[in-house]
Amino acid sequence: MGKKEMLKISALICGLAMIVLFVKPAAAEVSRMTKEELKALLGSSGITILDVRAGLDWEDSEWKIPGAIREDPRKEVKSWAEKYPKKKTLVLYCA
């Protein structure tokens, strides 16, 4: 498995963890998403991808998901989470 593939898997796992930790789901359980499911949704209007990597991790990265919005993970989640539509699927990643 190559470096880019490992980064993608790490990003997906971290993103799912961030969803579980910081986004209050309407249901008791948060749905899981595979990297294939995420790839299929890229460019869709029903998804918002948030890159929550810290400063230098984000700045020095060669790999970024096109269309992802960067949010500073050091800020309290409430300060930026409410500006995203609740009807959209939010994917947070940090790897």
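Bear in mind these aren't lab numbers, they're just calculated from the coordinates by the rules spelled out. The shown structure was predicted, so the numbers you read here are calculated from the model rather than taken from an experiment. Counting neighbours? That spans all protein chains shown, and the Cβs are built from the backbone with ideal geometry, glycine included.
Note on LYS87 and LYS4: the model spin-label points, each 7 Å out from Cα along the C-beta direction, lie 3.5 nm apart.
Going by how many other beta carbons lie within 10 Å of each one, how would you line up ILE47, ILE69, fewest first?
In order of increasing Cβ crowding within 10 Å: ILE69, ILE47.
Count Lys and Arg as plus one, Asp and Glu as minus one, and take only other residues whose Cβ is under 13 Å from that of VAL91; the net charge is then +2.
Using θ = phi - 60° in the Karplus curve 6.51 cos²θ - 1.76 cosθ + 1.60, the 3J(HN,Hα) couplings for region 40-55 round to 5, 8, 4, x, 6, 7, x, 9, 10, 9, 10, 8, 10, 6, 5, x Hz; x is entered for Gly and Pro.
Here's how it looks for LEU92: its modeled amide H is under 5 Å from those of ILE19, LEU50, which are all 5 or more places away or on a different chain.
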